[in-house]
Structures are given as structure tokens and as C-alpha cells.
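Shown next, in C-alpha cells, is the structure this report addresses.
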């Protein structure tokens with residue numbers, strides 16, 4: 001197949017429509033929701049709080065603990081049995097590795113910062129959406145960080161490198177290569193890099209340039225959501 | 001052991017005042033939003049009661065009927081207490097509280113005949129529809145029982161049968177056929193704190209609970225489910241009073257689904 | 001070269017605040033090579049050459065001399081343990097509890113029982129925050145009686161208290177409520193009239209929501225006048 005136009009009509013360097021909102025879980029220390037296409041992720045942060053058993057806590061700094069979960073009805077096909085799966089455990093781990101490098105948890109040794117990510121609807125790019133929501137939630141929770149982490153997937157389909165694969169593109173019978181990336185755009189460092197499929201070294205370079213562009217677009221959405229929380233006009237009573 | 005917060009709330013209640021200014025039998029504002037996960041779930045909804053927020057989704061599967069009910073389909077309800085919804089919940093398999101929540105919502109829906117199980121039979125003895133409801137609190141500001149039940153009902157109302165081809169479900173292609181709903185069972189949760197009955201308790205009020213009663217009712221006023229919780233007993237007179245109060249309140253709540 | 005933002009701008013983590021070496025990083029600001037970068041969501045505060053970010057959210061970090069509100073969670077042989085919303089509980093030792101001498105065999109619950117709420121002062125933070133000592137001796141600390149407990153973001157506490165207590169006094173005077181504010185964001189209040197208590201609670205919630213918008217003091221005065229005026 002030669003890919004000249006994307007199934008949903010987007011440009012090759014265009015993300016699906018996005019929206020974000022911060023402070024969506026009132027009881028949490030910080031929280032956020034992030035939507036991209038029909039993928040809908042909510043993240044909530046509690047912490048720093050006590051880490052049990054204390055014996056396993058880190059005595060020099062707080063630790064980050066991520067928990068990614070898909071709601072049973074959030075998948076495209078059959079119901080997903082509740083409970084952690086190997087996939088969700090892996091995503092929890094890489095999410096933690098994506099976010100930890102930018103955080104400064106030295107101010108609270110022996111504690112844990114818990115991040116809970118739930119997917120209400122999945123439509124490709126789920127781990128990336130989870131990371132975007134989690135980054136905003138951590139900022140909302142006042143956890144000190146060097147930059148917001150942004151995340152999106154880039155792919156190779158029909159010989160073209162495209163940004164933010166849709167489900168249709170991901171599932172394409174001829175095979176699409178899917179590269180999930182999370183990065184700090186300010187520091188230009190990649191904290192998550194995962195790939196399924198085949199890609200040449202040259203195409204990978206091209207993909208990483210494109211994904212940075214996508215992350216920059218996403219970062220603007222994240223910043224806007226964080227500011228919006230404080231931008232309501234004073235109400236006069 | 002002292003409890004100055006409890007002393008104060010009881011003193012405030014004695015003056016006939018509730019912390020958030022509500023009357024003792026008043027619900028917080030209730031919002032219902034449908035189709036929150038419409039691409040993946042067969043039916044879905046979000047319910048807010050004040051700041052409590054719960055989402056629910058319905059998935060449908062085809063399976064073999066139970067041997068003792070060959071002409072009926074079935075319902076399964078699963079509620080989890082997501083750790084994101086409160087600092088008090090931990091990750092891990094459902095504990096007693098989560099299981100109680102699932103079973104109480106299940107009881108209200110099942111005994112209240114929300115679904116017409118016979119109409120969920122596809123082929124007697126061979127094939128039936130399994131209706132799977134999953135309920136997730138996003139923010140627990142109290143009264144998850146009522147919020148969960150409303151979310152489950154709203155998701156069931158929102159649901160449409162998926163397409164079936166050669167006996168297999170083809171997900172992502174809903175028909176326009178709604179689920180066969182029969183009755184509309186609703187619940188009302190009331191706490192007893194000191195000598196006051198408190199409807200739709202907040203998470204703060206829950207900390208002072210002496211006893212709790214969740215009552216499931218039908219349109220005709222019949223009781224279809226009961227669940228008592230809390231560490232203190234209730235006299236039969238108190239139960240009768242709480243049931244009457246619940247019948248009154250659920251009658252008002254029916255308006256949400258018209 | 002120089003400042004990239006203005007005083008009181010709302011900034012986000014990763015946002016560059018200044019370039020060059022003329023400005024120095026203060027609270028929640030990081031220097032990376034020649035750039036100053038915010039580490040939190042907050043308001044920029046520029047004082048001479050120091051740039052800091054006043055966070056609009058985040059958990060309380062205990063500091064010596066802070067007054068905090070907490071709940072007595074257990075009693076040991078030589079003192080009490082207090083939960084004040086921090087991952088680690090604080091200690092009140094027998095000698096920091098009251099002016100009088102307490103015998104070794106005394107029943108400590110006569111002084112502070114489990115479940116009591118206290119307004120106490122942090123005298124020591126050690127072990128990176130794992131060891132916190134509190135004192136119940138002194139003029140500004142006491143056991144708190146029956147009342148309501150609110151939680152506000154600890155970053156907003158200075159606005160709830162106001163310059164030299166001016167904001168909290170405004171609320172106390174208008175509503176006739178007793179109010180104690182802990183630096184840890186716990187607020188205890190108690191009034192004879194539940195309607196006045198509700199106004200005080202509402203006032204504090206209003207400060208939490210609008211603390212970063214200028215003109216707060218005037219707005220709060222107007223709000224209290226209207227709310228209390230209506231009740232009178």
C-alpha cells in the first residue's frame with residue numbers, strides 16, 4: 001500500500017483532536033484528564049505519603065509508584081477482565097520510568113508518590129495518553145519537576161512516517177510500526193521509547209524528529225490546562 | 001478515647017443543621033451524563049452526586065445459559081473501589097467494602113428486576129446474553145452506594161445490543177435495540193448519626209456513622225433490597241422510619257430517568 | 001538577557017523564567033546553565049535578584065517553628081504520637097507537654113487522650129522529615145475542643161491568615177467563630193451559631209479558590225458583609 005492520505009484525513013504530522021483538564025478528582029492531591037482522539041485517560045496523584053513496609057522505602061528520597069489500569073468496558077472488543085495483566089504491569093513500569101527522571105523527590109525521603117491512571121476509553125495511544133495525564137496530575141499535586149513530560153506515538157505505515165497513529169492505522173493488515181515515546185521537550189531527553197514492528201535506522205531518526213514536534217504540540221495543551229485552573233475570574237457575590 | 005469532631009457534629013445536628021447546609025433528607029445535586037465511553041462500551045454513563053463521581057459501563061457477551069435457568073440471560077455486576085477515588089483505598093484485589101458495594105448494587109438490580117432476563121435468552125438451553133456491568137468511583141465524597149446504582153442503571157439504559165454475525169458478537173457496531181428493561185429499582189442510603197437520620201451522606205458524615213441502611217425500592221413502593229452496615233444496631237422502629245424515608249426519596253429520584 | 005516573566009505571572013513546571021547570570025534561583029526555581037526554570041505551578045515572585053515560585057498546590061513540608069494542627073493517635077511510655085497529615089507521625093514528649101512536672105507512672109491520657117486535636121509547634125525536624133517533635137508549651141499552642149475541621153492547600157495558608165493575622169481576624173470578627181489555622185493546612189473552627197460557622201467555612205473556601213487573584217481582601221470584606229448582613 002502506498003499511503004498518500006490518512007484514513008481520517010489528517011496530515012502526517014497532525015495529532016488527533018486533544019483536550020485536557022486539571023483538578024478533576026477532588027479528593028486527590030493532584031489530578032488531570034487527557035483525551036486524544038477517543039482515548040480518554042484520567043490520572044490522580046496522592047502523596048508524598050507513607051510507604052509501607054517502611055523497611056523497603058528509600059531513605060534518601062521519595063519514590064514514584066505508578067498504577068495503570070484499563071476499565072473493563074474501555075477496550076474496543078470484548079470486556080477486559082478486571083485486575084492487573086502483564087500488559088498493564090509493564091505499562092505501569094514504563095510510565096514510572098517515563099516520569100521519574102524529571103521529578104525531584106529528595107525533599108521527602110522514605111515516602112511514596114502514588115499515581116493512578118485509569119483508561120475510560122481506549123482508541124490507540126493509551127500508554128502515551130496515560131503519561132500525559134499523569135504529568136499534569138503530578139504538576140497539579142505540586143511535586144517539584146524539571147519539566148512536564150509529554151508523550152505520543154509515531155508510526156510507519158505504507159512507507160510513511162506519521163504522527164499519533166489511529167486505531168485503524170495501528171491495526172492495518174499490512175502492518176504498521178508503532179513507536180511510543182515520552183520526552184521532556186525542554187531538555188530534549190527521551191524517557192520512554194518502545195517499538196513494535198520494523199523500521200530502518202534512518203526512518204527512526206525521522207520518526208524521532210516528528211515525535212518531538214508532536215510532544216511540543218501536546219505540551220501546549222498540558223500547559224494550557226494547568227493555567228486554566230487558575231484563570232477563572234473572581235466571582236463577586 | 002475522645003472525639004471532639006464527633007461531639008461537634010452531634011451538637012450541630014442537635015440544632016437541626018447539617019455542615020453543608022442541606023436538610024437531613026436532601027440529596028446533593030445529581031447529574032447524569034450518558035455515552036462517556038461509547039466507542040468501546042455497549043452502554044456507559046457518569047453520575048455525580050455533589051462531588052462524588054462514579055462511571056459505569058456495560059459490555060455484552062453471548063454464553064450458555066445456566067442449567068437451572070435455560071430460558072434466561074444473566075447479569076453480572078462488578079464494582080471496584082479505585083485507589084484514585086480516595087486516600088483511604090489501596091491498590092489490590094477487591095476488599096470487603098468493594099465486594100459489598102458490588103453485591104448491594106447487584107441485589108437492587110436483580111431483585112428489582114431491572115432487566116427482563118427472559119428477553120435476554122437467545123436460544124433456550126443453548127445461548128443467552130450476558131450483561132456485564134462494571135462500576136468505578138472516580139471521586140469518593142460519600143454515598144457510593146446510590147451513585148453506583150444510578151450509574152449502573154444509566155449505563156444499562158444507554159446500552160444497545162451489538163451486531164451479531166454467525167452467532168458471534170461484532171463489537172463496535174451497535175444496533176438501535178435497547179436492553180429489555182423491566183422495572184426501575186432505585187436505592188436510598190441513610191446513615192444514623194446520634195439520633196438523626198442523614199440521607200445521602202458525605203464522606204465527612206460517613207466518619208461519624210453509627211449505622212447505615214441502603215434501601216432498594218420499586219416504582220410501586222415495594223422494597224426490593226436492604227443492606228445494613230455500621231457498628232451499631234437499629235431498632236425495628238428505626239428501620240421502619242428509614243424505610244419510609246427511603247421510599248419517599250426514591251420516588252423523587254425517579255424523575256431523573258424520565 | 002534577563003527576565004522572561006513578570007512578577008505575579010502564573011508559571012508552570014519547565015517554564016523558563018530568566019536568562020543570563022543576573023538573576024538567582026530561590027524556592028522551587030532551578031538553574032540550568034544560564035536559564036532559571038520553574039519547578040512548580042505557581043506565581044512568580046521577583047525580589048531584587050532572587051526569583052522564586054510560590055506554589056499554588058502541593059502537600060505541606062514540615063518546618064521548625066511552624067504551628068500545626070494534628071490528632072493524638074497513640075500514647076507511649078514517655079509521650080504521645082500525633083498525626084498531622086504528614087507521612088510520619090510527630091512526637092510530643094512528656095517534658096514538652098505541660099509546664100508542670102509529670103511523674104513517670106502518671107496516666108498520660110489525663111493530659112492528652114487519643115483522639116484529641118491539638119494546635120502545637122514544631123520544635124525539631126530531623127532524619128529528612130521522619131522525626132518531628134512538637135511542643136505543647138507556650139502561648140500559641142493548646143488543645144482544641146469540639147469543632148469542625150477543614151483542609152486547605154498549605155500554600156494558601158498565608159492568605160487565609162493574612163498579614164499579621166488580618167484576614168483570619170476579619171472572618172472571626174464577622175462570624176464570631178473561634179478559628180485556628182495550622183501551617184499544615186488544617187483549619188479548626190467552632191462557633192455558637194451553625195449558620196455563622198457555615199459562612200466562615202465558605203469564606204475560607206473562597207480564599208482557597210481565589211487567593212491568586214488580586215483584590216482578595218476587598219472581595220472578602222464584601223462577601224462577609226453581604227453574608228453576615230443577610231443573616232442578621
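Values computed for the structure shown
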quantity	calculated
When the convex hull of its Cα atoms is projected in every direction, mean area for the protein assembly as shown (nm²)	36.7 nm²
Among C:127, C:215, C:145: highest mean-square fluctuation, GNM of chain C, C-alpha pairs under 10 Å	C:127
Residue order, fewest to most beta carbons within 10 Å, for A:68, C:23, C:111	C:111, C:23, A:68
Cα point-scatterer Debye curve for chain A, base-10 log of I(q)/I(0) at q = 0.14, 0.18 Å⁻¹	-0.89, -1.35
Radius of gyration and maximum dimension Dmax of chain C, Cα, Å	20.7, 68
Semi-axis lengths, Å, segment C:1-110, gyration tensor of Cα atoms, sqrt of 5 times eigenvalues	46, 13, 10
Highest-fluctuation residue, B:60, B:191, B:234 considered, GNM on chain B with Cα pairs under 10 Å	B:234
Fraction of antiparallel bridges per DSSP, the protein assembly as shown only, in percent to nearest 5	90 percent
Relative packing of peptides C:218-226, B:71-79 - highest average C-beta neighbours within 10 Å first	B:71-79, C:218-226
Cα convex hull of chain B - mean projected area over all directions, nm²	15.2 nm²
Crossing angle, helix A:201-228 versus chain A [Cα axis fit, 0-90 degrees, rounded to tens]	40 degrees
Neighbour-count ranking [beta-carbon atoms within 10 angstrom, fewest first] of B:53, C:192	C:192, B:53
log10 of Debye I(q)/I(0), alpha-carbon scatterers only, for segment A:55-188 at 0.17, 0.20 Å⁻¹	-0.96, -1.19
Nearest-0.05 FRET efficiency for residue C:205 and residue C:173, computed from C-beta distance (R0 30 Å)	0.95
Tail fraction, Cα-Cα pairs, segment C:67-144, threshold 20 Å, whole percent	22 percent
For chain C, built as a Gaussian network whose Cα springs stay under 10 Å, the top-fluctuating residue of C:157, C:187, C:53	C:53
Folded to 0 to 90 degrees: helix B:4-14 orientation relative to chain B principal axis, Cα	90 degrees
Under the Debye formula (equal points on every Cα, no solvent term), log10 I(q)/I(0) of segment C:148-231 at q = 0.20, 0.26 Å⁻¹	-0.84, -1.45
Ranking of C:78, C:214 by count of other Cβ atoms within 10 Å, fewest first	C:214, C:78
Angle in degrees between helix C:166-175 and the longest Cα principal axis of chain C, rounded to the nearest 10	50 degrees
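Just so you know, all these numbers are worked out from the coordinates, no wet-lab data involved. Only a predicted model underlies this, so the values are computations on that prediction, with no experimental measurement involved. FYI the Cβ positions are ideal-geometry reconstructions off the backbone, even for glycines, and counts take in every protein chain you see.
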